[in-house]
Each structure stands twice: as structure tokens, then as C-alpha cells.
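Structure first, then comments.
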Amino acid sequence: EAGVAQSPRYKIIEKRQSVAFWCNPISGHATLYWYQQILGQGPKLLIQFQNNGVVDDSQLPKDRFSAERLKGVDSTLKIQPAKLEDSAVYLCASSKGLAGGLNEQFFGPGTRLTVL
Amino acid sequence: KNQVEQSPQSLIILEGKNCTLQCNYTVSPFSNLRWYKQDTGRGPVSLTIMTFSENTKSNGRYTATLDADTKQSSLHITASQLSDSASYICVVSAQAGTALIFGKGTTLSVSS
């Protein structure tokens, strides 16, 4: 089966600019996650969707970050305006159900964002 | 505070040797523990998932152990290969249905 798709793979922007990332989860996976992974650290959950509803966005910096999954399939994550500390890899993942159970979580290749 | 600590931070071993990576957690109530392998420039890939009642789980040359009493887990890699060079991340779920808590990972380098 096809894996989690993400685009773009790399993005370089200047601070205060806007950027958007796209994710297409594995077909049939109800749960979709966006993670931020700063170099040398483990992924940090930004937002979790169950179908098109938000399950957890407690660590999403809502003053600058937004995400949507309008039709319960693919999703976009936006940063506006970007700051230097937003430089990281943004990982999208999906699972059949909530990953806190035994549902395996599948990750995409990530988008590496560099903010200059 | 729910935390996952991994050690060592990095490790270099010779091809063919065995190694063990450690994971300590303070997550409660515990649901399950996972080990992921993350190659450079790729997303993490699941190696094992263990629940409270499981002590050991293997996936090829990877063997994970879990001691829920001491809240410790280890990942043992047997007969290492160059392709094992990656970051290994320990992840704990506090309870079914909630977010996963990630450790910072151990970077393993296997040299010939």
C-alpha cells in the first residue's frame, strides 16, 4: 500500500514569511498527526485529527500555526509568520485509529523547513 | 510530568557487534511502549509495540524488553549491520487514545 505522502520535501523561507505543508495519509486511516522535530530531538506533537475533527492541539502555537483537514483525508499545516525557531522537520503521520491504543502509526518522509 | 529518557545519546559500534539501547519512562498510567527506527532524512518506522503484559518482543535482529515495574525498556540489536545506523526512538503512550510521548532518541553509528 502507498505510504504517507508529504510535500514539499524541503522549503527555505525568510522569517516573517508564510509557508504551507501538505500531507496525504494512508487510505482509510482516520487519524492524522502533525509533528515538529527539531534537530537532535524526538518529534513533538503539534496537532492530532480524528477524521476531520481536532483531538489534540494543545501544543500548537495557535498565534502562528494553523492546520486543517476539511474532508477528513489530506491535511495542510500553515505557519504565518515564520520565526527562526520554526526551523525543523515537520512530520505527518497517520493510523487507522487513535495511536494511543495499539494502532501502528505510519510516518511520512517529512518536510525540512529552514527559516533564514 | 510524563517523560521518556533515553541513553546513551549516541553510540558507535563495529559492524557485527551487538548493542543495547536504554529507555526509562515516568509515564502514568502506562498503555504501551514502542521503539522506532529513524533513518537520516526519513520518518520514523515502527520496530516493536509492547503492552504492560509483554516482557519481550522481537523483530528480526531487534529485541525489545520491557519491565513495567521499574519502568525501563531496552532495545537489543544483534549482529549489527551498516544499515542499522540510524536514530532509535522510544515512545510511550500514557493511556489508550491519547498522544504518544517521544524520547529524544539514541543515534547509532555502525562502522565497518
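The values are calculated or read from the model by the stated rules, or taken from the named source; none is laboratory data. Quick caveat, the model's predicted, so the values are computed rather than measured. Reconstructed Cβ throughout: ideal geometry from the backbone, glycine too, with neighbour counts over all protein chains shown. In case anyone asks, the SASA skips ligands and DNA or RNA and just uses the protein heavy atoms, side chains included. Shrake-Rupley method; radii C 1.70, N 1.55, O 1.52, S 1.80 Å.
Here are the numbers:
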quantity	calculated
Inter-site label distance for B:S109 and A:N52 at 7 Å from Cα along Cβ, in nm	4.9 nm
For the protein assembly as shown, accessible area per residue (1.4 Å probe, heavy atoms of protein chains only), Å²	48 Å²
Under 16 Å from the A:R9 label point (7 Å along Cα→beta-carbon), backbone N, the stretch B:32-55	B:39-44
Rounded FRET efficiency, nearest 0.05, which uses the C-beta distance separating B:T70 from A:Q41 and R0 of 22 Å	0.30
Net charge of neighbours whose Cβ lies under 14 Å from the Cβ of A:A82, counting Lys and Arg as +1 and Asp and Glu as -1	+3
Hits among aspartates and glutamates - C-alpha to C-alpha of B:K37 under 17 Å, sequence gap 8 or more where chains match	A:E104, B:E5, B:D84
Whole-Å distance, taken between Cα centres, linking the stretch A:1-20 and the stretch B:60-99	29 Å
Order by protection proxy (mean Cβ within 10 Å, highest first), peptides B:6-14, A:38-46	A:38-46, B:6-14
Cβ neighbours within 10 Å from other chains - mean over A:52-60	1
Semi-axes of the equivalent ellipsoid for chain A, Cα gyration tensor, largest first, Å	23, 14, 13
Cα-centred dipole magnitude for the protein assembly as shown, charges only on beta-carbon of K, R (+1) and D, E (-1), debye, nearest 20	460 debye
Percent of beta bridges antiparallel (DSSP, the protein assembly as shown, rounded to nearest 5)	90 percent
Sum of side-chain charges, B:Y62 neighbourhood, beta-carbon under 13 Å (Lys, Arg +1; Asp, Glu -1)	+3
Heavy-atom accessible area, 1.4 Å probe, ligands and nucleic acids excluded: residues of the stretch B:63-112 down by at least 20 Å² from chain alone	B:G97, B:A99, B:L100, B:F102, B:K104
Nitroxide proxy distance, nm - points 7 Å out along Cα→Cβ at B:S28 and B:S46	2.7 nm
